[in-house]
Amino acid sequence: MRDCSNRVFSNKINRLKVCKSTEIKRKRTTWANSFKFFAYVSLLALLAILMVGCGSDTTIGKEESHDQKKITLIPYYIDGKWGYINKNGEFVIKPQFDYAAYFSEGTALIESDGKWGFIDESGKVIVTPQYDKPVTVNDGIVGFSEGLAKVRQGDKHGFINKNGDIVIPLQYRKAYNFADGLALVEVNDKWGFIDKSGDFVIQPKYLRASSFSEGLALVNEDGKRFYINTKGEKN
């Protein structure tokens with residue numbers, strides 16, 4: 001009878017050990033999975049911070065697509081201001097701007113006291129900050145392209161040269177930088193393309209359109225999408 005009781009008691013102890021062991025393994029697995037998830041989320045957060053160029057006291061700026069081999073000065077944010085460093089991490093233009101974009105054609109778009117202008121690679125202001133923030137800043141290059149830069153005042157866009165002269169009046173609701181000699185602009189909710197004289201080479205008749213790239217632009221006319229060349233011909 002005692003042997004039977006001992007076996008029963010021993011079986012209970014063994015079951016308890018198995019249950020406890022299983023519970024420990026389950027907790028370890030849960031903890032491990034939680035740790036992996038936390039590490040994964042933390043990594044994503046870190047990547048997001050690095051990509052948007054904010055979230056720390058010192059941040060390297062990020063802009064749209066650029067040829068990294070051509071970049072000599074890099075926007076750098078520290079203590080609430082933007083300046084420029086070289087590839088050795090040395091300040092070339094001291095932090096003094098509210099915003100600073102990458103250089104394009106030897107100039108860079110900067111913000112000061114809520115207005116936008118341009119500097120050269122020495123930090124000299126070549127276009128006094130006087131314009132509003134560009135509405136369209138996602139067309140590949142922020143700043144000068146093919147010798148001209150789009151600028152905005154109120155709800156109108158136009159183009160200036162590197163002397164700051166307005167060469168194409170501020171008259172378009174939206175405008176994109178020049179590419180392949182033409183700039184995409186919007187007039188009365190339709191898109192067309194102008195040359196550097198401000199004349200329409202392709203009349204504004206498209207519901208949507210992209211800037212030219214390698215001689216072609218994607219357009220949408222009456223719900224139909226197709227490519228055109230710089231003469232406006234279907235391709």
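Restricting segment 141-158 to residues that are farther than 18 Å from Glu186 by Cα and of a type in the set (A, V, I, L, M, F, W, C), the residue that is surrounded by the most Cβ atoms within 10 Å (Cβ to Cβ) is Phe144.
Could you go through segment 109-120 and let me know if any residue there is out of contact with any strand residue (DSSP E or B) (no Cβ under 6 Å at 6 or more places or on another chain), at positive phi and of a type in the set (Asp, Glu). Scanning segment 109-120, I find at least one residue that is out of contact with any strand residue (DSSP E or B) (no Cβ under 6 Å at 6 or more places or on another chain), at positive phi and of a type in the set (Asp, Glu), so the answer is yes.
When segment 76-92 is filtered for residues that are closer than 20 Å to Gly114 by Cβ and either part of a strand (DSSP E or B) or of a type in the set (Phe, Trp, Tyr) (or both), the ones remaining, listed by number, are Tyr77, Lys81, Trp82, Gly83.
Taking the criterion of being assigned to a strand (DSSP E or B), open to solvent by 30 Å² or more (accessible area, probe 1.4 Å) and either touching a residue at least 12 places away in the same chain (Cβ under 8 Å) or more than 14 Å from Lys231 (Cβ to Cβ) (or both), the only residue of segment 192-202 that qualifies is Val201. For first residues located in segment 207-225 and without any contact (Cβ under 8 Å) to a residue 24 or more places away in the chain and open to solvent by 40 Å² or more (accessible area, probe 1.4 Å), partners that are part of a loop (DSSP other than H, G, I, E, B) and polar (S, T, N, Q) and lie 6+ apart or on another chain with Cβ distances below 8 Å form the pairs Leu216/Asn229; Leu216/Asn235; Leu218/Ser210. Does segment 73-119 hold any residues that are touching a residue at least 40 places away in the same chain (Cβ under 8 Å), hydrophobic (A, V, I, L, M, F, W, C) and open to solvent by 30 Å² or more (accessible area, probe 1.4 Å), and which are they? Selection gives Phe103 alone.
The residues of segment 168-188 that are farther than 16 Å from Leu216 by Cβ and either at pLDDT below 95 or surrounded by 15 or more Cβ atoms within 10 Å (Cβ to Cβ) (or both), listed by number, are Ile168, Leu170, Tyr172, Arg173, Lys174, Ala175, Asn177, Val185, Glu186, Val187, Asn188.
The values are calculated or read from the model by the stated rules, or taken from the named source; none is laboratory data. Computed from a predicted structure; not experimentally measured. With ideal geometry, Cβ positions are generated from the backbone for all residues, glycine too; neighbour counts draw on all protein chains shown. Quick note on the areas: whole protein, heavy atoms, side chains included, nothing else; ligands and nucleic acids left out. Shrake-Rupley method; radii C 1.70, N 1.55, O 1.52, S 1.80 Å.
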